[in-house]
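Let me begin by presenting the structure, written as structure tokens, before commenting on it.
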Amino acid sequence: MCKCRNVPLRSPRTSPKMKRRLTTVREEPRSPRSLCNSDLAIYTMVVSTAVLSYVNSLNGDFVHDDIPAIVTNGDVVGSNSLKQLFLNDFWGTPMADPNSHKSYRPLTTLSFRLNYALAGLRPWWWHACNVSLHAACCALVARACVTIARLQRPFAALAALLFAVHPVHTEAVAGVVGRADVLACIFFLSSLLVYHRPTSNKKCVWLSVVLGALSMLAKETGVTILLLNLAIDFYRCWPLVKRSLCSLKIEKKCTGLSVRTTKVLVSLSLLICLRLALLQGTWPTFSPQDNPAAFHPSFFVRLMTFCYLAAFNWWLLICPWTLSHDWQMGSVPLITSGWDPRNFITCAAFGALMLLCYRCITDLEVQRHTPAVIGLLLLVVPFVPASNLLVTVGFVIAERVLYIPSVGSVIITAYGVQLMWYSKPGTKAVLVVGLAVLAASGVARTHRRNADWRDRATLLRADLVSLPQNAKLHYNFGNFLRETEQQDNAIKHYKEALRLWPTYASAHNNIGTLISADSAEQHFLKAIKYNRHHVNAHYNLGKLYKKNGRIIQAIKMLERCIVLQPRFVQAHVELLSLKPESEKPKILTRLLELEPNNWEHYVLYGNWLRTKGLPGAAAKYFLEATRLSFRNRNMEKPIRGDLISFRSTALMYRSLGQKSRTLQLLTRWHTWRRGWPSAAAAHTYLRDWRLRLELEGRALVYSKAVNPTKSTTCFDHSQLAAGAGNTETDTIAKDEEIVKSDEIINSDKRDADDSVIVDSNTCDHKTCAIKKRNLSISTQIKTTHNKSEIGLKQKKCTMHRKQKTVKNNDVIPNIAGPLAEHILMKTF
């Protein structure tokens, strides 16, 4: 198969017998040892510079998009299966969900999941992984500059150094979520290097296609590498193609290009069809606050604004001084007039682009300026999907999308320096000083920007200084101040956000949660007016109506929440206290369907059954709540959540007269809380406790001399069987051989000596002569009616008030009423 390399062509200035060769990507002849040493020196220098430039980012925390994409993402922390990971978008939402962002990046999510499996949520390791990937990407840039762009080695090293220290990369490297762009760039450059190998074969094309698909699975823009490979291949083979066109005859040596083109185009079509199929028939939904220009009714306003944004992105690559993690909502005002001075910047940028294109076209024949052509293609082709020219994107400017296009920018810069170096030897000293200043300023700016990404507060404050006109930044900073109990300052920033963007629905909603009830209702109504699908505004308004006694309006708002978001758990819980008794079982069942592993819902169901006079059924739900609360916990976690379900279960057993089961429940809980280092030690303690119970406790329970008070009630056999027939209840009485700390209340057999069993042949519902023993929880356990005192830090249902410091750590809150108390929902 022809690769269009070493193709003989006729030269117009020589005889027909003389032949020349096309310039190939084959490097100058060098001795293997010098070549290896030179490449090793370049890669070592580039990688070291990249690591040192971002070493201060290792102390950063999870900020901005890291929270929803990593910390609270079930695909990353392992709460979702691997199969579900490939069905969800980048943020953990199913792709079939209409509210999905439709960003499908499973390869990046898999890297996050591996990071979590190895290091948990310790940010240092996540940032170290990002820096390592960036260093590897810089090495690939150096290699591509030599073999693809054909820069001389010193200037290829210069291009890679400029790429390593470029400040615009801080969002992609210092922000953990930016790993998607870094991973995509690694596979992007790998595909480029494989496709254009000097000694390639048929398998290289397919390997480059696979690498391109992996780049697309890391981030969507990676699929553009297939088009870039074809463009470069066409550029290299143009003399052969031109001769075939002039002779109107397709030569045999031109079939190689056609075969490669067919393979790549077919693969590209299949990848695009697969990506469109993943949209599940719906496109991602964006709002005017995400991309204001895309929603403007005037075509000319949209065109002028989008062209200026493209020019501004190029300016960020040339002079990355003003940087921000969020460029939405007023950061870049729309261009509504042809006399706007910013149009001159647009014309200048596109004029320079046209000159580069003209140089590339004139270079097709002689191919003397290959670095300029490759740099231009790398600058333009990967940026096209983010330019709003083909599809609407959900951002105005995003520095992270410039990670791959910046490769083309540094190649053009290095090639310009190379031309000046040889054309004007007298300026070498000036060039060296200028390059040193440029590299040093890049390192300094990168270090300073990495410090801004240290935590959420620092990042927001730094970006507010750069873009004080950004309403989104004021809103996010108001959220931070609210969470840190600085309510007055939070209200000021919310009001500033509304001044800059009066139709900001989320700002109206959040400020309504901080002010008085009368004004709050107006803000909630405005939020609904500007965004009819704002779920939190409907929920907060329903809560406000409930508090004011307007039950009908409250039910209407909460039901509207469920229509907008059927899995909105808080709305179901609020309706539980407003709906009549006949509709409560349906709501409770729905809660268990939505969150089957949330012990609080089982406690709610058990309390409702207890009020209905069904203690047996209530005990089943209380026992399940106890099992769930103990499933994934350790000794370092607080015990308050466990005590709630445990206490409810114990009291229900006592009310049923199943005293032995109550004792066993207490035994197992104490065994668990002792925190034995091994299962054998816990087993020894438990057997010792049971032996003492059999020798002494049984005699005390059944002896009339201990307590003359007798029970006057004989429990029905069926009532006792309701707790005994349940698998979870029966397992409590098992005589365990090995007790493990994570298998509490999960036995498989029943011990008849430790359970209260009534013989059906002797009872007949008569007065039982069983002694009544006054059992109670330890005197250290007290009840409280303030749900905010429960110290739950990692709960699945965020429906409680904010935690407050409690002096008495041994208090068990009473959840009968306060479990339904919630805070107003704010919008993030």
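The values are calculated or read from the model by the stated rules, or taken from the named source; none is laboratory data. Bear in mind the structure is a predicted one, so any value in this text is a computation, not a measurement. Glycine also receives a Cβ, built like all others from the backbone with ideal geometry; neighbour counts cover every protein chain displayed. All accessible areas refer to the heavy atoms of the entire protein, side chains included, with ligands and DNA or RNA removed. Shrake-Rupley method; radii C 1.70, N 1.55, O 1.52, S 1.80 Å.
Results, tabulated for the structure shown:
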| item | result |
| --- | --- |
| Restricting the range 454-505 to GluC sites (Glu not before Pro) in coil, as DSSP defines it, with at most 13 other Cβ within 10 Å | Glu485 |
| Förster radius 41 Å - calculated FRET efficiency between Leu52 and Ser298 (Cβ-Cβ, nearest 0.05) | 0.25 |
| Trypsin sites (Lys or Arg not before Pro) lying in DSSP loop within the range 492-583, provided at most 16 other Cβ fall within 10 Å | Arg532, Arg550, Arg567 |
| Net lengthening on full extension, Arg550/Lys203 (0.36 nm per residue, minus Cα-Cα) | 117.8 nm |
| Solvent exposure of the range 171-275 as accessible area per residue, Å², 1.4 Å probe | 40 |
| Pairs of Cα atoms farther than 21 Å apart, the range 83-167, % | 53 |
| Directionally averaged shadow of the range 37-92, computed from the convex hull of its alpha-carbon atoms, nm² | 6.1 |
| P(r) of the range 408-521 over all Cα-Cα pairs, binned every 5 Å from zero, in whole percent | 2, 11, 14, 14, 10, 7, 7, 7, 7, 6, 5, 4, 2, 1, 1, 0 |
| Dipole-positive endmost among Gly74, Val165, Thr44 within the range 25-169 (Cβ charges, Cα centre) | Thr44 |
| Inter-probe distance in nm under a simple model that places probes 7 Å from Cα toward Cβ, at Thr503 and Ile67 | 2.7 |
| Accessible solvent surface per residue of the range 315-376, calculated while the other protein chains remain in place, 1.4 angstrom probe, Å² | 52 |
| Cα→Cβ-extended label distance, 7 Å offset, between Val563 and Lys424, nm | 7.0 |
| Cα-based Rg of the range 419-458 normalised by 2.2 N^0.38 Å, two decimals | 1.83 |
| Values of log10 I(q)/I(0), in the order q = 0.16 Å⁻¹, for the range 461-620 under a Debye, Cα-only, solvent-free model | -0.93 |
| Contour minus Cα-Cα distance for Ser244 and Lys586 (0.36 nm per residue) | 115.6 nm |
| Residues Asp97 and Thr322, FRET efficiency given R0 of 30 Å [Cβ-Cβ distance, rounded to 0.05] | 0.25 |
| Cα-based Rg of the range 32-134 normalised by 2.2 N^0.38 Å, two decimals | 1.38 |
| Cα-based convex hull, the range 448-513, per residue volume (Å³, whole number) | 73 |
| P(r) of the range 573-617 over all Cα-Cα pairs, binned every 10 Å from zero, in whole percent | 28, 59, 13 |
| Efficiency of FRET between Leu334 and Ser387 - r from beta-carbon atoms, R0 22 angstrom, step 0.05 | 0.85 |
| Of Lys83/Lys219; Lys472/Lys529; Lys472/Lys546, pairs whose Cα-Cα distance is over 23 Å | Lys472/Lys546 |
| Extension gain from Asn59 to Thr282, taking 0.36 nm per residue of separation minus the Cα-Cα distance | 76.3 nm |
| Loop-resident sites, the range 179-283, for trypsin sites (Lys or Arg not before Pro), counting at most 16 other Cβ within 10 Å (DSSP) | Lys249 |
| Spin-label pair Ser577/Ser519, simplified geometry with 7 Å Cα→Cβ offset, distance in nm | 2.6 |
